[in-house]
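Scroll down for the structure; my scribbles are underneath it.
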Amino acid sequence: MYAYDEIDRTLVNERVSEFRDQVKRRLSGELTEDEFKILRLQNGVYLQLHAYMFRVAIPYGTLATNQLRALAHVARKYDRGYGHFTTRQNIQFNWIKLAELPDALEDLAKVGIHAMQTSGNNMRNVTSDQWAGVAPGEIEDPRIWSELIRQHTTLHPEFSFLPRKFKIAITASDHDRAAIKVHDIGLRLIKNEKGETGFEVLVGGGLGRTPFIAKTIRHFVHGGDILSYIEAILRVYNQYGRRDNIYKARIKILVHELGIEKFSREVEEEWQHIRNSSLQIDDEVIEDIRSRFTYPAYEKLPYMPDELRQAAADPDFEAWRKNSVAPHKVQGYSIVTISLKPTGGPPGDATAEQMDALADLADRYSFGEIRVGHEQNLALPHVAKRDLPALWKALDKLGLATPNVNLITDIIACPGLDYCSLANARSIPIAQELTRRFANHELANLIGRLHINISGCINACGHHHVGHIGILGVEKNGEEVYQITIGGRADENAALGTLIGPGVKFDEVADVVEDIVEAYLALRERPEELFMDTVKRLGVEPFKERVYATR
Amino acid sequence: MPLVKGGKIMGDSFVKLAVDTPQPEGGDILVPAERFLGDAEGLLEGAGKVGVIWPNNRDIVELVPYLDRIAAVALVFPTFRDGRAYSQARLLRERYNYRGELRATGQVLRDQFVFMLRAGFDAFEVKKQADAEAFMQTAKRYSVFYQPTGDGRITALHRRMQLRHSEGVGT
């Protein structure tokens, strides 16, 4: 956990007063909607189809229980009793009133939560691995660096009016859970031959209407140089990124148009000017940030406690444990993923009651800490294995023990036409229907790891390009039509999916997915061959044939 | 459009010339980059001070040879959403050590003041009278800054180090 000090608290409070003043000036008419728009966006406030939507940052996906309770409070007091966790470690409230926003922000500020730069053309919430600090084999906790970068990018005087939004993600594990290759800057924490911490820096990844996988711009940037290197990238982008066309304004287009070699030369030149400046970070600064992260006092616990052995007789518990419980770096502990994808529910939603109850469970079983992942699920990062049976029972009562993590019903979806003013098609109802079709846990387990991603428009908030099965809703002659891709992935082997053929109608989407799954089950060489591997081995063709043979 | 300098609204001694306006006898002038570069020596020989209006899509390096002889650089915000001039401002102040007047022009609104001050601007052609009047109050909105810039305001990281060391002395 990162604990704000007086300096961080002061800044967040100053931001709340500033926003209160901005809202007041908007309500009095002193600010036009055009002038106000960018100010509210800089504070995470969108105008959606039905109401204002408020997006709150959960930097690098770490929450303390008092923070989760504050989010529940906002859901209850200012919204309709629920919140929606997004793909970038944010939470959104969909029914907030403009006049009440400053109060909601003030309530959140009391527990060190803010909404700065969760939208707008600036540097967005810095995201990381939701298993940071607890994943076995991790090089070091990437949240220390995430926090350093969070501070540096907050209210940056030079880069608050960029050509377009700018997203940074950090991972420190071999398995990339932070999707760094689809970010504007992706940072992979590594050690050099001297054992010093640094980063492989990737640039120009992103989805949207022109998807790109990020390219490596530098194989090693020393940790002490990371702020100056990021600043150099941003300075090049701020000056040369396109501003004539919103669809070509992301850094990925600049990198693509210049080519990575020319772009990296520009960055290198700029970096040499600012490398040895006050942007240099020494060990003492890193230690200071590290000292404000607290880690649990783990007990010495057995690898296999009796409680777990006894509970193994219950097949429902075992199904959940095998699916949702992952190894922890400390013996006797586990990482528990909490699926926010119940059968028939909108992906990523949690009610205020669930959030409060989960905070209680985290206090009891996870040293008061909760994590948020880009898959729109939550996690309890430090659960003693002996507590797993009791935790499972409690989660089950709350409807939070669906054993479908990483399975076909663990769907990532944007809000789509049900909420979003940009959407062309519905996303949530497609997700809901798919969770019903594949509700049988044995079937889902038989299929194995399979990620479905759904976006309701080309802006790709549901990351459909990198779904194993990607579903993109578009509008054609006043009708919702869905394009299906397969073979995408967002991890360390990130790839964009391939279109399987003509779009299909809303009512046909679930049938098509069933066809693809059936084809996979028939085509896989052995049960361990995952959907992704079968697609890789055989290509799109056999799936295409199966889907379109009868259509 | 009110001009704010040194935190106060004041009269503008500079007269803005277009590309083809005849140069007045004496008096301070602000000229577009194109005109300035076309006749820099001629303009600089005049009696008054010379300032340059520099567009946000032109490399500031072209102006560097003249920086010690010009009195003002006016950078342009065609809309408040276009942030290129922030980079130009920091480069002028921090890389090229420009110490003359650095003026923000175009769509300059209250909620950009803090960013502009931090980037090195010290003169502001403010679009709205009410915003100009609120300048001092707005400039004081923040007391905490996370990034080091040429304005010299102490950063949060630095302040923490100071606190650490001062605490260390007593213990």
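Note that the range A:398-415 has calculated 3J(HN,Hα) couplings of 8, x, 10, 10, 5, x, 10, 4, 6, 9, 4, 8, 7, 8, 9, 9, 7, x Hz, one per residue in order, obtained from phi through the Karplus relation 6.51 cos²θ - 1.76 cosθ + 1.60 (θ = phi - 60°); glycine and proline are x.
Remark: A:526, A:364 ranked as A:526, A:364, counting other beta-carbon atoms within 10 Å and listing the fewest first.
Cβ distances below 4.7 Å define possible disulfide partners, and in chain A the cysteines left without one are A:420, A:457.
Among A:128, A:278, A:160, B:143, the ranking by other beta carbons within 10 Å of each residue's beta carbon, starting with the fewest, stands as B:143, A:278, A:160, A:128. Rounded to the nearest 20 debye, the dipole magnitude of the range A:451-540 is 300 debye, with +1 charges on Lys and Arg beta carbons, -1 on Asp and Glu beta carbons, and the Cα centre as origin. Going 7 Å from the Cα of residue A:256 along its beta-carbon direction, which residues of the range A:437-479 have the amide nitrogen within less than 14 Å of the resulting point? The answer is A:459-460, A:465. Determine which residues of the range A:455-493 fall in the zone a paramagnetic label at residue A:506 would reach in this model, i.e. backbone nitrogen under 18 Å from the point 7 Å along Cα→Cβ. The answer is A:455-458, A:471-484, whose backbone nitrogens lie closer than 18 Å to the label point.
Computed over chain A, relative contact order equals 13 percent, with contacts defined as Cα pairs under 8 Å that lie 6+ residues apart. Rounded to 0.05, the FRET efficiency of the residue A:528 and residue A:246 pair, given R0 = 41 Å and the Cβ-Cβ distance, is 0.35.
Using the Cβ-Cβ distance between residue B:154 and residue A:406 with R0 = 45 Å, the FRET efficiency computed as 1/(1 + (r/R0)^6) comes to roughly 0.45. Residue order for A:190, A:486, A:471, fewest other beta carbons within 10 angstrom first, comes to A:190, A:486, A:471. Residues within the reach of a label modelled at residue A:24 (point 7 angstrom out along Cα to beta-carbon, backbone nitrogen below 18 Å), restricted to the range A:99-134, are A:99-107.
Legend: distances between Cα atoms for A:77/A:476; A:300/A:322; A:167/A:262; A:110/A:385; A:181/A:536; A:215/A:329; pairs beyond 29 Å are A:77/A:476; A:110/A:385; A:215/A:329. For the range A:1-91, what class follows from the C-alpha gyration tensor (a ≥ b ≥ c being the square roots of its eigenvalues): rounded when a/c is under 1.5, otherwise prolate if a/b is larger than b/c, else oblate? Here the range A:1-91 falls in the oblate category. Legend: mean number of C-beta atoms from other chains within 10 angstrom of residue C-beta atoms, peptide A:136-147, equals 0. Distance between the 7 Å Cα→Cβ label points at residue A:222 and residue A:191: 1.8 nm.
Distance between the pseudo-spin-label points of residue A:200 and residue A:422 (7 Å out from Cα toward the beta carbon): 3.0 nm.
No lab work stands behind these numbers, since they all come straight from the coordinates. This is a predicted model, so every value here is computed, not measured. In this analysis, Cβ positions are derived from the backbone assuming ideal geometry, glycine residues included, and neighbour counts consider all displayed protein chains.
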